[in-house]
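Everything below concerns the one structure shown next.
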Amino acid sequence: MVQLSHVLVTLLAASAASAAPMQKRIAQTIADSTQLWVQACTKAGGADKCNTISQTAFSTLLAAGKNCDQQDAADQMVDLAKQLNNDPDMIRLAQIFVQQPRNAPDSLQVPYCQTAPQNQELNGFFHCQFAGSDFTKFSGDQTGNLPLGVTAVNPPGSCPAKNSPVPDGVQLDTLVTSPGTPQGSGASSAAAPSASDNSAAAPDDSADSADASDNSASAPDDSASASDDSADTSDGSTDAGDDSADTSGDASDDADAGDASDASPDDSSSSDSSSDAAPAASDNVEAAPTSSNSFLLENGKDAQALNAKFAGLTASSACQDGEQACVNGAFAQCVSGAFQATSCAAPTKCFALPLVNKAGTSVTCTTDADATARIAATGATGGITGA
């Protein structure tokens, strides 16, 4: 009887396990999502602002992002395009970026933003879902199960740029060149797409942007939100997730503003995986501590302390939701009590870097040489970790 009971319990457990829902994490290399936009931005003369906005934008694709963070970032991309003679490529790529699927930690569909964008060029655009999503369910509080002004998404998981879900982990701008026809309320006021159709592959230089030689450049300078100083570790920005550092900042916080435009070739770009030339050590020396920016030394030491802390972190390290860090050389954000890492583009790695124009640090992908030079420029000694 005892043996029979044991067999029965085993069978029941197996049955329950087989009935349990299968969930998987659907992720992507988020830094790839803005490569083409940064190239267009750099070509249009956006210089260091391209890096800043790019990093803020691709960070919104992380699972911890809020429903409208991606759209807000796309608004910043369009804002800058308008400052650069309404650059059509920047606007077109911003319209495609706002439709890029976001990471799904539980394989459920990611809710849609329920607020209209600031720029009419983004009206009627909403993100696709990854193909591996469960199209019967949404994550969150169920308040964003339909895009603003849209009565149905057909087929499920599609978006204006693509009439089907996006393959898991794939960037939309490698599949289409046109943002498609906007849908829903306010769609008629969105700018007409500049590309002829959605069937073409992304521009040839998309392959160049992933080339290791391009990626040898640094990721965005000490960047955070491009429009204000409010970016912090709770809103999906890419600043450091350590309470000891003020990680807010804006485009003026980038080290030696203009270095990126001076050093970058016209056909290159810069982001975590893009191709602006990394600021040279000689450029960073110009930012050495003076009486007017005496906080630089403390920023350098704070960056060293963070890098030393990051060196001991693993994917299983305890963390607080929204916290950002470097884990085994990858950019990581804490989601549901666990770090979710996104690899930096080779040959860059994740580092904490000192801000230049205000107290604080940022977390980004760059080269060892660039991180070493930036920290040394503050007057801090001992290299990246202060050891």
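Condition check for Gly46 on (1) under 30 Å from Ser133 (Cα atoms); (2) at pLDDT 90 or above: one failure, at (1). Among the residues of the stretch 36-60, the ones that are open to solvent by less than 10 Å² (accessible area, probe 1.4 Å), in a helix (DSSP H, G or I) and closer than 21 Å to Ala332 by Cβ come to 7 in all. Here Thr348 passes the criteria (1) of a type outside the set (Phe, Trp, Tyr); (2) modelled with pLDDT of 90 or more; (3) surrounded by 18 or more Cβ atoms within 10 Å (Cβ to Cβ) except the one numbered (2).
Would you mind stating whether Ala369 is open to solvent by 40 Å² or more (accessible area, probe 1.4 Å), touching a residue at least 24 places away in the same chain (Cβ under 8 Å) and not in a strand (DSSP E or B)? So Ala369 passes the test.
When the test is whether a residue is in contact (Cβ under 8 Å) with a residue 40 or more places away in the chain, at positive phi and crowded, with 24+ Cβ neighbours inside 10 Å, Gly157 does not pass it.
Just one of (1) closer than 30 Å to Lys66 by Cβ; (2) modelled with pLDDT of 90 or more fails for Gly382. It is (1).
For every residue, the table says whether it meets (1) open to solvent by 20 Å² or more (accessible area, probe 1.4 Å); (2) among the hydroxyl-bearing types (Ser, Thr, Tyr); (3) within 28 Å of Arg25 (Cβ to Cβ).
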{"residue": "Asn85", "(1), (2), (3)": "yes, no, no"}
{"residue": "Pro88", "(1), (2), (3)": "yes, no, no"}
{"residue": "Val110", "(1), (2), (3)": "no, no, yes"}
{"residue": "Thr115", "(1), (2), (3)": "yes, yes, yes"}
{"residue": "Gln118", "(1), (2), (3)": "yes, no, no"}
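Within the stretch 172-201, being open to solvent by less than 30 Å² (accessible area, probe 1.4 Å), modelled with pLDDT under 95 and not in a loop (DSSP other than H, G, I, E, B) holds for one residue alone: Ala187. Quick one: in the stretch 122-136, which of the residues that are farther than 19 Å from Leu62 by Cα and more than 21 Å from the chain's Cα centre (by Cα) is most open to solvent (accessible area, probe 1.4 Å)? Filtering first and then ranking leaves Thr136. Taking (1) open to solvent by less than 10 Å² (accessible area, probe 1.4 Å); (2) farther than 25 Å from Gln333 by Cα; (3) not polar (S, T, N, Q) in turn, Ala104 satisfies each apart from (2).
Conditions (1) within 23 Å of the chain's Cα centre (by Cα); (2) part of a strand (DSSP E or B), marked per residue:
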| site | (1), (2) |
| --- | --- |
| Gly322 | yes, no |
| Ala345 | yes, no |
| Val356 | yes, no |
| Ser362 | yes, yes |
| Gly379 | no, no |
| Thr385 | no, no |
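Among the residues of the stretch 56-77, is there at least one that is over 23 Å from Leu175 (Cβ atoms) and free of Cβ contacts under 8 Å to residues at least 12 places away in the same chain? No: the stretch 56-77 contains no residue that is over 23 Å from Leu175 (Cβ atoms) and free of Cβ contacts under 8 Å to residues at least 12 places away in the same chain. The single condition among (1) free of Cβ contacts under 8 Å to residues at least 24 places away in the same chain; (2) at positive phi that Asn85 does not meet is (1). Set side by side, the residues Gly169, Gly149 differ, and just one is under 17 Å from the mean Cα position of the chain (by Cα), within 29 Å of Ala81 (Cα to Cα), surrounded by fewer than 20 Cβ atoms within 10 Å (Cβ to Cβ) and not charged (D, E, K, R), which is Gly169.
The values are calculated or read from the model by the stated rules, or taken from the named source; none is laboratory data. Everything numeric in this text was worked out from a predicted model, so none of it was measured. Virtual Cβ from ideal backbone geometry, glycine too; neighbours counted across all protein chains shown. Ligands, DNA and RNA are stripped out before the accessible areas are found, and what is left, the full protein with its side chains, is counted by its heavy atoms. Shrake-Rupley method; radii C 1.70, N 1.55, O 1.52, S 1.80 Å.
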